[in-house]
Amino acid sequence: MPDRTRRRLLRSLGLAGAVGLAGCAGDDEPNHAETEENEPPSRSERWTTVTRTPATTLVPHRAIDDASRARLDLVMDGAYAITPDRELFPLWLAVEVLDGGQVYEATLREGLRWGDPYGRMTAADWVYHIREVHQGEGNWAGSWLAEAWAGAAVDRTGERSFEIELPEPNTQFPYEPALRASRCLPRELLEPYAEERDREGLENDDDLARLAYTGNLGPYTPERWERGERFVAARNDDYYMRNVENASTVWEGAPYFEEYEYRVLASERDRLQALRDGTATAAVVPPARLEQFRGNGRVSLYAVPEPTLTLLAYNQRANGWRPFRRREVRQACSMAVDKEALAEEVYDGFAEPIHTFQPPWSTWDGTELRPFGRQDAEEDEDVSALLEAALGEDFGYDDGRLLDAEGEPVTWTLVHPGESGRTTPLASFLVRELERLGVGVEAQGVGYERLLSEHLANRWQGEGDPPWEAGEYNAGPRGGTESAAEWDLLCGVGLNASPLAPTATDRFWLERGSMNFSGYVPDAELTALYAEARAATSESERDARLDGVFGALNQEQPANFLVARRTPVGYRRGIAGPRETLNYDWDRQTWYAE
């Protein structure tokens, strides 16, 4: 059986990832999620994760990227976690629905303390933070959650409790990021800057920059951040979760490492060598490098299903290629990419094609939707004809090359987070596929921070103030906004499909969504569909509305939905905790080495 066919069969049986990966760990691989311990595990000296992606910020309400949030996770637990079974696990607080999904009450645990001199965490801190940071005038603080809190009324009901009244019923609110992903700041730290709307001053505050305010609120305390190189934290001897009643035994001694480090190594070879020789505890292993670790008794491998999806974004703002604003043009371009070949050639089978904004392991995976993608070279001519028809008489082909109204060859700029300008395998693959349309494609690799600030972020260019704005990644109507650097296509930035809370995806696809960086304007009534899904009181009603959302995204192709990945992650053998499930690391505070 050909290797590609075999992999496709394994995926169809739901075995891709588990076969040949978890099996490397052996049947006796420890996993405390499935084992009850009478005594807390013993502690180990050090955990080191090696990664290629540095943190961009340690300001909680500014951290939109996974790398920054991962560092913050070490020192600040946040409100609560969601288990793989979609259950809420209280950390700082518990949340309770009071009125049909429109009113919620949050209650803080006892014993939560900020670092000196800020005292106890109280409901007053939370109410002030939500009102002044997430709901602050003009989003002065640059909160990525501002849109999620718009219109909500927040009031303190006790020293450790506060009430949230939403503008409309939303039964999915606890699963969305508004409260779950919010990390409160002490009112005393925040107040001087909030009064002056001084964003720069807040972000340069010494206590904020050093994370000195985090107290007993996370499993570790910050030691040092060498920007672009490493983040180091030490075991927090005062961690609040060790004193929580009715928690499992494994929480009593958490965390189980004296020191935890994120170390940035730009070289893939260096990262894998660190995992191989044991100086790293964990690292992502590219599928093409898995053979180096199969049978290695020192490393256990897990294929983790990712909630973030691989997409090709079309820039529909003022400095993008204008025809991308038309649905038929986007559809034709999406048809040019062979997603099966992408999954095999770039991700070595650890990816599956998708056709809407949900992965295959979601309830709303879109299996029955129209497939977009080229399956073989014989379709090249048909795909070019689709694009020509969608573009109309202002464009045409001459000797296989697409020309614009002035008779000039069409060229697109494809940007991606390349290493030192090197074109990544994903970008190289997409260039090859898109050039079949008779279009020139220039790939530009830029650093991740620059990609966020100069390509995803955009600014209003029109006269006066914009009629509306939803933050730095959606600064207003697409006709009057553009990014600092020009681009037409963008890949390599994964977008979180929130398969456990899919109503949260509206921030990417509504015209005024806070993360709608590409300037997409839907033809379908997505605003109403999302609102109806949030207000649904039955699972069947919610499912029907979400089916409408993801069916519309399939038809409109605001981006080319390419693949969902299972990421092979290697751990030093004997690490208890990792799983091959969504939200696999919800209890990462309790992982330990046997």
Could you tell me how many degrees, from 0 to 90 and to the nearest 10, lie between the Cα long axis of helix 380-391 and the main elongation axis, the longest principal axis, of the Cα atoms of the chain?
90 degrees
Give me the angle, in degrees from 0 to 90, between the Cα long axis of helix 526-535 and the longest principal axis of the Cα atoms of the chain, rounded to the nearest 10.
30 degrees
What does the charge count around residue 540 come to, taking other residues whose C-beta lies under 14 Å from its C-beta (Lys +1, Arg +1, Asp -1, Glu -1)?
-3
For residue 444, residues with placed amide H under 5 Å, excluding near neighbours:
414, 415, 416
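Which of 62, 271 has the fewest other C-beta atoms within 10 Å, and how do the rest follow up to the most? All intermediate terms of the calculation are to be shown ahead of the outcome.
Details: 62 18, 271 24.
Ordered from fewest to most neighbouring Cβ atoms within 10 Å, 62, 271 come out as 62, 271.
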Cβ-Cβ cut-off under 9 Å around residue 395, Lys and Arg +1, Asp and Glu -1: the net charge is -4
How high is the relative contact order of the chain, given as a whole-number percent (alpha carbon pairs under 8 Å, six or more residues apart)?
21 percent
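What percent do you get for the relative contact order of the range 221-339 when only Cα pairs under 8 Å and 6+ apart count?
Values: 78 pairs, mean separation 16.9, N = 119.
Relative contact order of the range 221-339: 14 percent.
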Charges at C-beta only: +1 for Lys and Arg, -1 for Asp and Glu. How large is the resulting dipole of the range 306-567 about its Cα centre, in Debye rounded to 20?
900 debye
In the range 553-584, which residues have a backbone nitrogen under 15 Å from the label point lying 7 Å from residue 382's Cα in the Cα-to-Cβ direction?
none
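What's the local net charge at residue 273, with K and R +1, D and E -1, over the other residues with C-beta under 13 Å away?
Values: positive: 263, 269, 271, 276, 289, 298; negative: 268, 270, 277.
Local net charge: +3.
Computed from the coordinates by the stated procedures, all read-outs in this text should not be read as laboratory data. The structure presented is a predicted model; accordingly, all values stated were derived computationally and were not measured. Don't worry about glycine lacking a Cβ; one is built from the backbone with ideal geometry, like all the others, and counts go over all protein chains shown.
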